[in-house]
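Structure first, then comments.
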Amino acid sequence: HEEHEEHEEHEEHEEHEEHEEHEEHEDHDDHEEHDDHEEHDDHDDEQAGHDNHDHGAFDPHAWQSLKQAAVYVENISTALQKAQPGSADAIASRAAEYSADLAALDAALQSEFAAIDEHCRMIITSHDAFQYFGNEYGLTFVAPHGLSTASEASARDVAELIEQVRDGGVGGIFVENITDTRLIDQIASETGLTVGGVLYSGALSEADGPAPTYRAMIAHNADQLLTSLRAAEESGLCDDHHD
C-alpha cells in the first residue's frame, strides 16, 4: 500500500514537472513570438521612417493641373450619384460636360505654352505652388518659400533667386493672392523685373474678381503667365540664357 502511494506520488510529481515544463516552454514561445512581433514592428517603424525620408514633403497643389482636376470631377460625380441616385443621370451628364470643358482648355493652353521660347520658361512665385501647372506646360517655377506658405525663406534662398534672374532665363515674377508680397517685391526691386500680376494658387477670388471659379482661376493664371512670358521674349529679357 505504501509502495502504491509512493508510486502515485511519483507519477503526480512527474506530471506536475511536465506540466510546469510545458507552461515554461509555451511561455518561452510566447516571449519569442512577442520579441519577433516587436522586432517586426520596429522594422515596420524603421521602414515607415525610411519611406518618409525618401519621399520628403509632398506637393498638395494637384488642382493646378487640369488633368488632375478631371480625376476630382470623376470622384465627386461618383460620390454624388451614390448619394442622390434619383439624379444620377443628370449628375453624370453635367460632370461629362465639365470634364470636356476642362480638356478643351487644357488643349488650348498646351498649344499656347508650346509656342514660348524654351529658354524663357522660368517663373518666380511667392511659394512653391505651381509645380503641377509647370509639369503640364513645360514651365519651371521657383520660389523663396517652399510648399507651405508658413515656411520661411532664408537670405541665401533669396540671394540665389536674384542671381538666377541676373543669369537670364526668367520670364516673369508674380505675387500670389494668399501670400505676403514683400519678398517678391524685394527680388523685383533688386533685379529690375516688373511684377507680372497676381496668381491664384489655393483660394478663389470674390465673385466679381478674376478667378471666382476653378476654371476661371486656371484661365486667369495662364493668361497672366503667357502675357509675361511673351513680353519677356519680345524684350530680349531671356536672351542671356541662350547657349
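The values are calculated or read from the model by the stated rules, or taken from the named source; none is laboratory data. Please read all numbers here as calculations on a predicted model, not as lab measurements. FYI the Cβ positions are ideal-geometry reconstructions off the backbone, even for glycines, and counts take in every protein chain you see.
Within the stretch 213-238, if we keep just the residues that are exposed (fewer than 14 other Cβ atoms within 10 Å of the Cβ) and at pLDDT 95 or above, the residue that is farthest from residue 114 (Cα to Cα) turns out to be 213. Of all the residues that make up the stretch 121-147, how many are out of contact with any Phe, Trp or Tyr (no Cβ under 9 Å at 6 or more places or on another chain) and within 18 Å of residue 69 (Cβ to Cβ)? Here the count works out to 1.
Residues being assigned by TED's automatic domain parsing to the domain that holds residue 228, closer than 20 Å to residue 60 by Cα, touching a residue at least 60 places away in the same chain (Cβ under 8 Å) and surrounded by fewer than 20 Cβ atoms within 10 Å (Cβ to Cβ) are entirely absent from the stretch 166-175. Look through the stretch 104-117, keep the residues that are exposed (fewer than 13 other Cβ atoms within 10 Å of the Cβ) and among the hydrophobic types (A, V, I, L, M, F, W, C), and return whichever of them is farthest from the chain's Cα centre (by Cα). The extreme case among them is 115.
Only one of the numbered conditions (1) at pLDDT below 95; (2) surrounded by fewer than 20 Cβ atoms within 10 Å (Cβ to Cβ); (3) not aromatic (Phe, Trp, Tyr) is not met by residue 135, and that is (1). In the set 159, 232, 211, 207, which member is more than 25 Å from the chain's Cα centre (by Cα) and in a loop (DSSP other than H, G, I, E, B)? Selected residue: 207, the only one of 159, 232, 211, 207 that is more than 25 Å from the chain's Cα centre (by Cα) and in a loop (DSSP other than H, G, I, E, B). Remark: pairs (first residue in the stretch 215-226, assigned by TED's automatic domain parsing to the domain that holds residue 124; second residue assigned to a helix (DSSP H, G or I) and surrounded by fewer than 18 Cβ atoms within 10 Å (Cβ to Cβ); Cβ separation under 6 Å; 6+ apart in sequence or on different chains) = 226/112.
Does residue 54 satisfy being at pLDDT below 95, exposed (fewer than 12 other Cβ atoms within 10 Å of the Cβ), under 27 Å from residue 136 (Cβ atoms) and among the acidic types (Asp, Glu)? Yes, satisfied.
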